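The block underneath contains the structure these notes are about, expressed in structure tokens.
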Amino acid sequence: MVPKTWLLDVDELDTQVALMRTPAAIAAGGFVVGLTAGELAKALDGRAFLAADYWVTIAVCIPFLLATRRFDLRGVGPVLRAWLTIAAVICTMRLAYFCAWSYSRRPLSVWLVIVLLEAAVGAAVWVAVYAVMWRVRLPSR
């Protein structure tokens, strides 16, 4: 028998918000891990570590990795929600730039896969923003 604490109640607001934020957290976490591995590989290869680019990218990814309850805190909550929204805008701009840049450099079939995957990441990011903003507007229990 499965303990009751392991089961998710999908009718609960916290569970719904967590499930809506999970894909963006996975994408941001994977991006951070990949970026870190890439920068370490560059350092081992003797190329320069671009610290500013690295930390700006980490700053864009951080709000997607934070716990949802932090977005409800007084004082800090509005700042975190604004940071999350700005990060989603930056992420969308990066996705659009990358898809446009890769159009002439990739075969059409590869480019279409890139666009579909990037669109999925962009959708996940905006669903996370919606989930946090939706939670804030709902009355507290």
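Here are the numbers for this structure:
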item	result
Area of R94 that stays accessible when all protein chains are in place (1.4 Å probe, Å², to 10)	100
Degrees separating the helix 13-45 axis from the principal Cα axis of the chain, which is the longest one	30
About the Cα centre, charge dipole magnitude for the chain (Lys/Arg +1, Asp/Glu -1 at Cβ), debye	220
Heavy atoms of D11: accessible area, 1.4 Å probe, square angstrom to 10	130
Residue of C91, C99, C61 that the Gaussian network model of the chain assigns the largest fluctuation, springs spanning Cα pairs under 10 Å	C99
Highest-MSF residue in the chain out of W111, W126, W83 [GNM, Cα springs under 10 Å]	W111
Angle between the chain longest axis and helix 108-137 axis [Cα atoms, degrees, rounded to 10]	30
Charge sum, other residues only, whose C-beta stays under 13 Å from A88's C-beta, Lys/Arg counted +1 and Asp/Glu -1	+3
Apportionment of accessible area to carbon and sulfur, the range 28-141, percent (1.4 Å)	72
Within a Gaussian network of the chain (alpha carbon springs, distance under 10 Å), most fluctuating of A18, A59, A43	A43
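The values are calculated or read from the model by the stated rules, or taken from the named source; none is laboratory data. Computed from a predicted structure; not experimentally measured. Ideal geometry is used to build each Cβ from the backbone, glycine not excepted, and the neighbour counts take in all protein chains shown. To get the accessible areas, we keep the full protein, side chains included, count just its heavy atoms, and leave off ligands, DNA and RNA. Shrake-Rupley method; radii C 1.70, N 1.55, O 1.52, S 1.80 Å.
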